[in-house]
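The values are calculated or read from the model by the stated rules, or taken from the named source; none is laboratory data. As the structure is a prediction and not an experimental result, all values here were calculated from the model. FYI the Cβ positions are ideal-geometry reconstructions off the backbone, even for glycines, and counts take in every protein chain you see. SASA here: full protein model, heavy atoms, side chains in, ligands and nucleic acids out. Shrake-Rupley method; radii C 1.70, N 1.55, O 1.52, S 1.80 Å.
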Amino acid sequence: MQKTSRWPNDNFSDKYVLYGNMLFRICMIFLGNKEDAEEAMQESFIKLMYKSPKFIDDQHEKAWLIRITTNICKDMLRNIWRKRVVKVGEIESFYDRPSDTYIMEEILKLPAKYKAVIYLYYFEDYSIKQISETLGIKDSTVKMRLKRGRDILKIELEGEEL
Amino acid sequence: MKKNDIKRVIGKIESDKGIEYRLSKKIHKKQNRKGIFMPFLSIASIVILVCIGILGVNFFKKYDKPIDNTPDTPLHSANSAAISIPKLELPNSSSSNAMFDMIGLIVYQGRIYTQTGTKINPGSAENLIEEKLGTTKDNINEWSKQDDYVEFASTIGVQDVYSVKGYDKNFRIMTNGELHNAQFYECLNGITVKTGADIFNKLKIENNIKTAKYEAYESWNYSKQQYKEMGDLKTLNNFVGELKNTIPYKQESMPKMFEDSENQKFIYISLSDGSEVQLRLFKNGYIYYDSVPVFLKMENKVFNELWDELL
């Protein structure tokens, strides 16, 4: 993707190219609508650009960003959980097939704490250890959340150990 | 469902240029505002300080006596009468934008119990189990009709549900998953909160503390898990003893509380029975428990003694 230098903040544009889609996916999975997702992304990027620690490498930066974004989403869920809406129409707009919409709706229904684990394991192809390090939770907790999430979603094991 | 289905479906969610553009503008605006206003703020601060200084000198010249040290007024002048937390209503499937909550919940005896931040320490779950109440159904989604909210309807899959030793089952129930992942579910809706006793007495913290630790906001927010153990529990015990006398304020009447990130601390209190209660503290004496939509205000002296210890 080309760098969007016409926009006011070049550093932001670089980071958006790197992480925009990833953060949007995480926020949509947690929050279920674009408006809240955008608000959470804004906070994540502000933290990345103004309040982040010095990163060892790109992986460190990515892991940090995933962790703070899931925390931001969880905090938003805590604050607004009674007002939050999943906008079915917005979800449908990403898909051509009703079966895909159905799968995403099933993911959206997961309890919040399983979502990050499911996302990292199945989308980012992270190992249990990587998820544990990224989210700062124990291996056993990752395994449990993965198992629960998989049970709820009825995901076939396909030769996996867990 | 196959794992590739998950990957494909998540991959189809993509942000658009509109989001990038709006975020870019907002972040740029924030950066500029900071740059533009900082000098003015500095000048304004000096002017205010000078004014305070002049007024202060005149005040003391006029009265020449100590100012009455009355207790601080609440941060926000919200209504502090008894607060009714409405019974959690499940979504109405007839609405055009179907709503549902993504938190884990269980329906039991007409009440809705939601996942709580209070944890069960590994190895303690077996000791907390009292009696099996039933098994959850995995049947709640955004299209559920009111008729679907039958006994043990849930969003958590199929799990056995138990009452918890030492706790009122009208307030707390639990599941006991594999790999030490037991979970409490609490019903703190459909209740009236006159004082902190209506919430904190249910948690059975008083005279029951085994250990405690705390965490600064920075650590909590970035999941750094930089906990500090609390060695001397005397101040904490005083604080816990005072929880029942706290006064409730509606969360919605104090909308800025969560935004004030610098003035928050978290304490984690491990109880003798193996449960761990998390309380979120806000400077000026406010306490928040889990997702209960009230802030509970404590008398300043007791609160501040604990607050000052959490360095």
| task | Report yes if some residue within the stretch B:169-176 is farther than 23 Å from residue B:190 by Cα and at pLDDT below 90; otherwise report no. | result | yes
| message | List the residue pairs whose Cβ atoms are under 6 Å apart, where the first residue sits in the stretch A:59-79 and is among the acidic types (Asp, Glu), the second is open to solvent by 20 Å² or more (accessible area, probe 1.4 Å), and the two are 6 or more positions apart or on different chains. | response | A:61/A:55
| task | Considering (1) surrounded by fewer than 20 Cβ atoms within 10 Å (Cβ to Cβ); (2) assigned to a loop (DSSP other than H, G, I, E, B), say which one residue B:292 fails and leave the rest. | result | (1)
| said: Is it the case, given these coordinates, that residue B:218 is more than 14 Å from chain A (Cβ to nearest Cβ) and of a type in the set (Asp, Glu)? | reply: no
| query | Has the stretch B:212-228 got at least one residue that is more than 16 Å from residue B:266 (Cα to Cα) and either assigned to a strand (DSSP E or B) or open to solvent by 70 Å² or more (accessible area, probe 1.4 Å) (or both)? | reply | no
| task | Identify all residues within the stretch A:91-108 that are charged (D, E, K, R), out of contact with any helix residue (DSSP H, G or I) (no Cβ under 6 Å at 6 or more places or on another chain) and either open to solvent by 30 Å² or more (accessible area, probe 1.4 Å) or touching a residue at least 24 places away in the same chain (Cβ under 8 Å) (or both); write none if there are none. | result | A:96, A:97
| query | Within the set of pairs 6 or more residues apart or between chains, which connect a residue that is more than 7 Å from chain A (Cβ to nearest Cβ) inside the stretch B:1-22 to a residue that is surrounded by 15 or more Cβ atoms within 10 Å (Cβ to Cβ) and assigned to a loop (DSSP other than H, G, I, E, B) with Cβ atoms less than 6 Å apart? | reply | none
| remark: Counting only residues that are in a helix (DSSP H, G or I), open to solvent by 40 Å² or more (accessible area, probe 1.4 Å) and either more than 9 Å from chain B (Cβ to nearest Cβ) or among the polar types (S, T, N, Q) (or both), the stretch A:18-55 contains a total of 6
| note | Going through the stretch A:68-80 in order, the residues found to be at the interface with chain B (Cβ under 8 Å from one of its Cβ atoms) and open to solvent by 40 Å² or more (accessible area, probe 1.4 Å) are A:78, A:79
| Subset of the stretch A:115-133 (residues that are at the interface with chain B (Cβ under 9 Å from one of its Cβ atoms) and part of a helix (DSSP H, G or I)) | A:115, A:118, A:119, A:121, A:122, A:123
